[in-house]
Amino acid sequence: MEIQPSDRIRDLETGIFSELARRKHAAKQAGRDIIDLSVGSPDLPPPPIVMETLAREAQDPRNYGYTLAAIPGFAEAVAHFYHTRYGVDLDPAREVIQLMGSQDGLAHLAMALINPGDIVFVPDPGYPIYEAGVRIAGGVPYPLPLQADHGFLPDLDAIPPDVARRARMLILSYPGNPVTALADEAFFERAVAFARNYELLVVHDFAYSELVFDGVRAPSFLSVPGAKEVGIEFNSLSKTFNMAGCRIGYVCGHPGALAALMALKSHIDYGVFAPIQRAAIAALTADPTPLTEQVHIYERRRDALVEALDEAGWRIDRPQATMFAWARIPDGFTSREFSFSLLEATGVAVTPGDAFGQRGEGFVRIALVQPEQRLREAARRIGDFLRHHAR
Ligand SMILES: Cc1ncc(COP(=O)(O)O)c(C=O)c1O
């Protein structure tokens, strides 16, 4: 018997990362030394307090039952973190829910909040689950172009009012992935006004809230007046505390939106492993000094990559934030041609930009997830590749 996937699944593009994994494997088999700058999985260790707490709690046999939801103290730890880092006051009882990584919430949100046919504004280019989550829920993603001449912010005034009236959510992410730009409070205020006007929910993904360079701090969307009445913000321990494999994150803001998501989740999962939750509480309430040290590590990597690529003959924009460079590729390649032939010829893996939407064509995303000296080596190999493949 042949099993057919549902129409819903057939409509989703197969993940680029499986395709890249296949090609990385082939390049390795062919003897290439792989420098993997394609996946945004942090290579740095979590803070020692996280590993100590996890190891200790994992020894307690009482910690192996279902947790169902956040254990006492988690929402308070998030509220503490939001107060001290972003000046946002949250009610732990109503304005915070725990997630199995922010991906869990981003993937399920549309299912909890929209009906088939509803429009959702998604950034283009944008992190793929925004659009996929809407499609899975039967919604209609409406891409908003992020363009350099508009500071990579969507032009809300350019959205036709009849479309905005049929929209239920506006998804934003600053600093974002793959576009690493920042938004200021003024833009967030415009988003609040837009949401009020059209009665839609603003969904801000703040996964890279703590990876901002050159002494700059990114504002939380929830820090602008009125934001909590129209919006929610996703955040994660994956990048801030290098806990990506632990699968823990959270969403805060509008209690009604959170309650709908929680109702759906109560049918889907039974909570995060208690030792991971305790490790997360330890991370969120610890001395934040290591966060600044971590920013310096990524800053040095960014500088190493940008400067080495410059020497190799490829000038790219210096990212202001996140663990990525979003680089316009030299003329004569599509994103996929560039990424796949670079991998085959040099072992350097980068992600083709079209994986993030139509407007990602002409770009690749380079993840700063290797030490400086490996990034320089990658740039040197890219330089050789460009010389041999100049079109
Ligand atoms: C912009 C963005 N949002 C959300 C996520 C999901 O992170 P997690 O589910 O680990 O919290 C990622 C992961 O790379 C991301 O880049």
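The values are calculated or read from the model by the stated rules, or taken from the named source; none is laboratory data. The structure displayed is predicted, hence computed values, not measured ones. Every residue, glycine as well, gets a Cβ built from its backbone with ideal geometry; the counts of neighbours run over all protein chains shown. In case anyone asks, the SASA skips ligands and DNA or RNA and just uses the protein heavy atoms, side chains included. Shrake-Rupley method; radii C 1.70, N 1.55, O 1.52, S 1.80 Å.
Filter the trypsin sites (Lys or Arg not before Pro) in the range 300-377 down to the DSSP loop ones having no more than 13 other Cβ atoms within 10 Å, then list what survives.
Sparse-neighbourhood loop trypsin sites (Lys or Arg not before Pro): R315.
Applying the Karplus parametrisation 6.51 cos²θ - 1.76 cosθ + 1.60 with θ = phi - 60° to the phi angles of the range 217-228, what ³J(HN,Hα) value in whole Hz is obtained for each residue in order, glycine and proline being reported as x?
Coupling constants for the range 217-228: 10, 8, x, 6, 4, 6, 7, 8, x, x, 4, 5 Hz.
Counting only helical runs of four or more DSSP H residues, what would the 222 nm mean residue ellipticity of the chain come to if each run contributes -39,500 (n - 2.57) and the total is spread over all its residues?
Calculated at 222 nm, the ellipticity per residue is -13000 deg cm²/dmol.
Using a basic spin-label model with each label point 7 Å from the Cα along Cα→Cβ, how many nm lie between Q147 and A21?
Between Q147 and A21, the simple spin-label model gives 3.7 nm.
K228: which lysines have alpha carbons under 23 Å from its alpha carbon, excluding same-chain residues fewer than 8 sequence positions away?
Within the straight-line cut-off, K228 pairs with K265.
Please list 154-162, 253-261, 317-325 highest first by mean number of surrounding beta-carbon atoms within 10 Å per residue.
Order by mean packing, descending: 317-325, 253-261, 154-162.
Compute the signed sum of charges (Lys and Arg +1, Asp and Glu -1) over the other residues within less than 13 Å, Cβ to Cβ, of Q98.
-1
Would you mind calculating the gained length between E337 and H80 on full extension (0.36 nm times residue separation, minus the Cα-Cα distance), in nm to one decimal?
My answer for the length gained is 87.9 nm.
Label point 7 Å out from D91 along Cα-to-Cβ: which residues of the range 207-222 have amide N under 11 Å?
none
Give the separation of the Cα centroids, the range 58-80 to the range 304-339, in Å.
Taking the Cα centre of each part, the range 58-80 and the range 304-339 sit 42 Å apart.
Above 26 Å lies some portion of the pair distances; for the range 63-285, what is it as a whole percent of all C-alpha pairs?
31 percent
For the pair S223 and E311, what calculated FRET efficiency results from E = 1/(1 + (r/R0)^6), where r is the Cβ-Cβ distance and R0 = 51 Å, to the nearest 0.05?
The formula returns an efficiency of 0.80 here.
Show me the ranking of peptides 174-180, 212-218, 103-109, 26-32 by mean Cβ neighbours inside 10 Å, starting with the highest.
174-180, 103-109, 212-218, 26-32
Tally Lys and Arg at +1 and Asp and Glu at -1 over the other residues with C-beta under 12 Å from the C-beta of A79: what net charge comes out? Can you show the working numbers first?
Values: positive: R85, R94; negative: E76, D89, D91, E95.
Overall, the nearby charge balance is -2.
Pop out the ³J(HN,Hα) list for the range 161-169 in order, Karplus 6.51 cos²θ - 1.76 cosθ + 1.60 with θ = phi - 60°, rounded to Hz; leave Gly and Pro as x.
After applying 6.51 cos²θ - 1.76 cosθ + 1.60, I find x, 5, 6, 4, 5, 9, 8, 10, 9 Hz.
If we sort 134-141, 266-273 on the protection proxy, mean other Cβ atoms within 10 Å, highest first, what's the order?
134-141, 266-273
Quick one: pull the percent of accessible area on the range 63-285 belonging to carbon and sulfur, 1.4 Å probe, ligands and nucleic acids left out.
Percent of accessible area from carbon and sulfur atoms in the range 63-285: 54.
Can you tell me the accessible area per residue over the range 63-285, all protein chains present, probe 1.4 angstrom, in square angstrom?
That works out to 37 Å² per residue.
Please list the non-local residues whose amide H lies under 5 Å from the amide H of V202, H modeled 1.01 Å from N, same-chain partners needing a gap of 5 or more.
Under 5 Å from the amide H of V202 lie the amide H atoms of L170, G231, I232, each far enough along the sequence or on another chain.
Measuring from label point to label point, each 7 Å out along Cα→Cβ, what is the E293 to H388 span in nm?
Distance between the two pseudo-spin positions: 4.1 nm.
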